[in-house]
Structures are given as structure tokens and as C-alpha cells.
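What follows is a short report on a single structure.
The values are calculated or read from the model by the stated rules, or taken from the named source; none is laboratory data. All figures in this text were calculated on a predicted structure; none of them were measured in a lab. With ideal geometry, Cβ positions are generated from the backbone for all residues, glycine too; neighbour counts draw on all protein chains shown. Surface accessibility is based on the protein's heavy atoms, side chains included, excluding ligands, DNA and RNA. Shrake-Rupley method; radii C 1.70, N 1.55, O 1.52, S 1.80 Å.
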Amino acid sequence: MKNLRIAIQKSGKLSEGSLKLLKKCDLNLRISKSNFLAKENKLGIEFLLVRDDDILGLIATHVCDFGIVGENLLHEYRSSKEPVQGRLELITVMPLKFGECRLSIAVPKKSSFKQIGDLNDATIATSYPHALAHFLTNNKVKANIVSMHGSVELAPRIGVADAICDLVASGVTLAENNLRELTKVFDSQAVLVGRKNYEQEKDRIKNEKIERLLARLESVVAAANSKYIMLHLDIKKIDELKKILPGCESPTILSLEGSKNRVAIHVVSEEDVFWDTIEKLKSIGASSILVLPIEKMMK
Ligand code: AMP
């Protein structure tokens, strides 16, 4: 396939985040009437808007080059031993820092399950049967797995299973269904997925597009939580500042007109700056503190 084509989720937990991320890369999608195909003009990339369950298959069968999915789907794909026609090794090309959640085993709040070993002989409902089977085997637990494609959280209430294994983000769904987390299977976030050999693309123009796309994504993702911080501080307090601000090994230091000891400091923090950090900066005598978001960051 000559065109660079990317599959993204049409509607669901990751669709809004995917479109937002692409927009920050200056990739504005013009969606066709069919609501299935989209194009953008800057890099000339085609997008397929599909169900997230279909994305990995579209990449494995060369219909698309890349896709944006939850890492949870990639874990499930890799854990499955079933022979799937055209099954290729798919890899995480880049973590995208949104859609953060975890796959967890949860049980009814009032049940007697306390630890993973208590699940021997229990029935667990999940949409991730292969990843769960892999996890149970690693933990030497023999349980029955029931596959469900939606509303997994209802399984214990309707008598289908003793426990569930599902994605948890805020934990509200578990709480609403009187469930509590027993153990985490793995963490997940949205990732850019591709075929293992995507770097060996022969077509020069397509290869160039891939390089430009990845550079843009990398820059936007690197900037995602990063902040540009400006403040005034006594020059003697620089070491204390370095302890408070992560990634502030070599800050820019500028002199301040009319001041001998006080300097202006500019620094990029690759982590979000919360109020408690600002309070700590105040406590070492920092003033005129400005915290600015960074849109793009090319290293
Ligand atoms: P929450 O109530 O915020 O813990 O979200 C849990 C519900 O949202 C469950 O039904 C999950 O299957 C679903 N969910 C949460 N995060 C994601 C995600 N990143 N991708 C897909 N489904 C998710």
C-alpha cells in the first residue's frame, strides 16, 4: 500500500484524544461522508475510522501502516496463541501519554476474596481472556474465564462470574457496581502501534512521511506534561531549586537589572508542576513564578 494510512478509533474512549493529538501535530482530518475515511493535506496521510477491536488486524494485514490503540489490546493480541491468518509481530512504536488506565481483577466488595490465590476455581468474566489467562498462569492460579464483549462489570451481579477483569481508569464504574480491585494485571495507555519492520519501508516518499509523522508525534508527546518555568531566586539557592524541580540540571540563569544576588531562572520541567511544587519554590524564596505550558518540544 503506497499511501501512509493510520487506523484510529471511530468512537470510544480514545477517539477524542487521538484527534486532539493529531491536531497538535498539525494534522487536521477531513472526514468523508461515509464517516469511515479521513484525509489530511499537510503530510498527505489517510486515516481509517474504525472499531478499536479492528485496528490491530488492519495493521497486521497491511491495510494500514499504524494505528492508535490502548496498549491493553496489544497485550491481548500478543497473549493470544490462536493462529490468525497473516498474524505479524506488532510493536509499540510510541507511547502517547493519554488514555491511561489499568487492567485489573475486581471482586464484589463483600466477597471473601483477599488475594489472587483465592481465585483458584473461581469464574472471572473479561474482554481480555488471553491476557488474563497469561496472568493467571504466571501467578499459578487455575480459574475459569468467561469472555464478554461489554458490560463486564455486571457479571457478578447477574451470576455470570465471581470476579471480573476489566479496564479501570477513575474507578467510578467499579464503585457504582459495588466492586473492589483485588489486583492489577498491567497498566495501559494509548500507543502508536506498527508492524515490527515498519522502519524497512522501501518507498522513499512514504518513508519520509513516516519520519515526519513520528518526529511530530514525539515532539507533541514530549511536551504533553512539560512546563516552562520562570522565576526569580537568590543565586545561592540554586541547589535547593534543583532538588525541587525535576529535570532542572542546567537552568538558564539571567541577571536582573539592579540586583546583585537575585537572578531570573528559566527551566523546562518534563513533568507537570503542581501547586505543592510552587509552594516549595515559594518556601525557598522564589518570586515572580510563571508556569507556562509547552506546545511542542524538539530535542
Ligand atoms: P472508570 O469508571 O473511569 O474506572 O472507567 C472504567 C470503564 O471505562 C470500564 O468500562 C472500562 O472498560 C472503560 N475504560 C476506561 N478507560 C479506558 C480506556 N483507556 N480504553 C478503553 N476503555 C476504557
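Checking every residue in the range 62-79 against the condition of being touching a Gly at 6+ places or on another chain (Cβ under 7 Å) and not small (Gly, Ala, Ser) gives at least one match. Within the range 165-190, residues that are more than 22 Å from Gly67 (Cβ to Cβ) reach partners that are near the ligand (Cβ under 7 Å from one of its atoms) and assigned to a strand (DSSP E or B) with beta carbons closer than 7 Å, at six or more positions or on different chains, in the pairs Val168/Cys101; Leu174/Val168; Glu181/Val168. Just to be sure I understand, how many residues within the range 255-281 are in contact with a strand residue (DSSP E or B) (Cβ under 8 Å, 6 or more places away or on another chain), loosely packed, with under 12 Cβ neighbours inside 10 Å and not in a loop (DSSP other than H, G, I, E, B)? Residues in the range 255-281 being in contact with a strand residue (DSSP E or B) (Cβ under 8 Å, 6 or more places away or on another chain), loosely packed, with under 12 Cβ neighbours inside 10 Å and not in a loop (DSSP other than H, G, I, E, B): 1 in total. Are any of the residues in the range 130-144 surrounded by 16 or more Cβ atoms within 10 Å (Cβ to Cβ), assigned to a helix (DSSP H, G or I) and among the aromatic types (Phe, Trp, Tyr)? The answer is yes; a qualifying residue exists. All told, Leu19 meets the bar of being among the aliphatic types (A, V, I, L, M) and within 16 Å of the ligand (Cβ to nearest atom). Scanning the range 92-107 for residues that are part of a strand (DSSP E or B) and open to solvent by 40 Å² or more (accessible area, probe 1.4 Å), which turns out farthest from the ligand (Cβ to nearest atom)? Selected residue: Thr92.
Being aliphatic (A, V, I, L, M) and touching a Phe, Trp or Tyr at 6+ places or on another chain (Cβ under 9 Å) holds for only one residue in Ala215, Ala163, and it is Ala163. The residue that is surrounded by the most Cβ atoms within 10 Å (Cβ to Cβ), counting only those in the range 166-216 that are within 16 Å of the ligand (Cβ to nearest atom) and more than 16 Å from Leu103 (Cβ to Cβ), is Val193. Within the range 34-46, can one find any residue that is at pLDDT 95 or above and either open to solvent by less than 40 Å² (accessible area, probe 1.4 Å) or within 17 Å of the chain's Cα centre (by Cα) (or both)? Yes.
Listed by first and then second residue, the pairs with beta-carbon distance under 9 Å, at least 6 apart or on different chains, first residue in the range 151-162 and of a type outside the set (Asp, Glu), second in a helix (DSSP H, G or I) and within 14 Å of the ligand (Cβ to nearest atom), are Val160/Leu154; Ala161/Val152.
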